[in-house]
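Below: one structure, written as structure tokens.
The values are calculated or read from the model by the stated rules, or taken from the named source; none is laboratory data. Just so it is clear, the structure is predicted and the values come from calculations on it, not from any experiment. Here the Cβ is made from the backbone with ideal geometry for all residues, glycine too, and neighbour counts use every protein chain on show. Only protein heavy atoms, including side chains, enter the accessible area calculation; ligands, DNA and RNA are left aside. Shrake-Rupley method; radii C 1.70, N 1.55, O 1.52, S 1.80 Å.
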Amino acid sequence: MTTAMGAALRRIQLGNALSAFGNGFTVPYLYVYVAKVRDLGAGTAGLVLMMLAVAALLVLPFTGWAIDRRGPLPVAVVGAVTAAAGSLGLGLSTTGPLVVLSGVVLGAGIAVIQPALATMIVWCSTAVTRSRAFATQFFLNNLGLGIGGLIGGLLVDETAAGSFVRLFAIEAVMFLVLGAAIATVRLPRAPRVEDAVPGEARAKGALGSLFTDRRMMWLCLLGFVLFFACYGQFESGLAAYATEVTRIAPSTLGIALAANTAAIVVAQFVVLKLVERRRRSRVMAVVGLIWTVAWLAAGLSGLVHGAHAIATTLLISTYALFGIGESMLSPTMAPLVADLAPASLVGLYNSVFALVKQIALAVGPPVGAFMVGFGLSAPYIGMLVLCAVGISVLALRLGRMLSPAQDNPHVRVFAPAAPEAAVADADVSAVPRRESVTAVA
């Protein structure tokens, strides 16, 4: 069974990496394609980007329900086919309404794929191997996006719409490859997660069980602050701060983004060895400290206008530090969601956490762009420094709510050895057993 599950997990990871590779062909160029190549204007381009997020917000509440009732595999296949249709539609659309509709379809498909794949990874892993599985997924995602973006940059020609059609067609094919790869996966009949939640606790309903799980609610709050203060600022507030306040060239911003990806790719498995046997709450608290330094470096970069090289170095360091923090989060947050979820609600927990992330990504960019755009750069940096400190505080508070096995799945608690004679005379069922690594407090 372990060998079969390992093969299934490798197939899932391969399909996921290829879809990320295809996604990398279009993500950096979507705005330019809609606004300039199709000549539909900045307003339509902004609307398409917004619809990607709105579509995710609309479908995610139903995705968890579908996963828990139908299983993650058919849901992931449907998501992959939907995303492929949306991507191809974007490439072929020439009018505003069709481009926006295609953006909605693409956003909905991608939103469905994410929690379905996360649930499949949970089903094909154990509490001990789950951190490495999610770290590998994160690594391959970033590697695929980076390579796809580089190759896409070589193929694209702003004066030729056909070159963009080619990019979207490649992305669509990669989504179909993902669907084909996971359609052949043989999943276990039940997830390899212990369901320690009593049946009567679930009688009030799936959502009722989730919303009364204060550990999950605290993790969702922590996740919102994390995503708002990092991912929600990359393409908006931080980019605006870099160009408007630090005054670096857009080409240098591309180098900073490359530094972020490079930090993830280079550091991921080194970091994994350092953190996978440590308490998850402490690792997330350290991420908050690293990002505090990152935001302070960003703030300082806007104060040293007379030393452009120093300012540029500080800003690139900000992106690199974010990458190191991200590589520490990948083996901690997603596996913790799975370990908090009862077996019958893994899909729901993954979907709700994905919804929290999507909300943060919807709120973060306009807040950052508004503050920097209206000259509130100092309050902007101050707010995000407070968010980073808050991450550490929230993570340590969450750690006090978790059981030892949830906070560190490598922990095994053994009872002291009893004298041989005493054990021989005792009932076998009375012999203390080691604590399950997936025990739920």
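In sequence order, what are the phi-derived ³J(HN,Hα) couplings for the stretch 39-53 according to the Karplus relation 6.51 cos²θ - 1.76 cosθ + 1.60 with θ = phi - 60°, rounded to whole Hz, with x for glycine and proline?
So the Karplus estimates, Gly and Pro as x, are 6, 9, x, 5, x, 5, 4, x, 5, 4, 4, 5, 5, 4, 6 Hz.
Which one, 181, 242, 160, has the greatest fluctuation when you compute a Gaussian network model over the chain with C-alpha springs under 10 angstrom?
160
Between residue 57 and residue 255, what's the calculated FRET efficiency when r is the beta-carbon distance and R0 is 41 Å? Round to 0.05.
0.80
Return the tail of the calculated pair distribution for the stretch 252-318, meaning the percent of Cα-Cα pairs more than 13 Å apart.
70 percent
Please tell me the relative contact order of the chain in percent, rounded to the nearest whole number, where contacts are Cα pairs under 8 Å and at least six residues apart.
With pairs under 8 Å counted, the relative contact order is 23 percent.
Round to a whole angstrom and tell me the spacing of the C-alpha centers of the stretch 113-178 and the stretch 350-403.
The distance from the Cα centre of the stretch 113-178 to that of the stretch 350-403 comes to 25 Å.
Report the charge-dipole magnitude of the chain in Debye, nearest 20, computed about the Cα centre from +1 at each Lys and Arg Cβ and -1 at each Asp and Glu Cβ.
Value, rounded to 20: 500 debye.
Using the alpha-carbon atoms, what tilt in degrees (0 to 90, nearest 10) does helix 72-92 show relative to the longest principal axis of the chain?
The angle comes out at about 0 degrees.
For the stretch 225-373, what % of the accessible area comes from carbon and sulfur atoms, probe 1.4 Å?
Roughly 71 percent of what the probe reaches on the stretch 225-373 is carbon or sulfur.
If you count only protein heavy atoms with a 1.4 Å probe, what accessible area per residue comes out for the chain, rounded to a whole Å²?
I get 43 Å² per residue for the chain.
I'd like the orientation of helix 250-275 relative to the chain: the angle between its Cα long axis and the longest Cα principal axis, in ° from 0 to 90, rounded to 10.
Tilt relative to the chain: about 10 degrees.
Could you work out [θ]222 nm for the chain from helices alone, using -39500 (n - 2.57) per DSSP H run of at least four and dividing by all its residues? Round to the nearest 500 deg cm²/dmol.
-25000 deg cm²/dmol
Evaluate Rg over Rh across the chain, taking Cα atoms for both radii and Kirkwood's formula for Rh.
1.00
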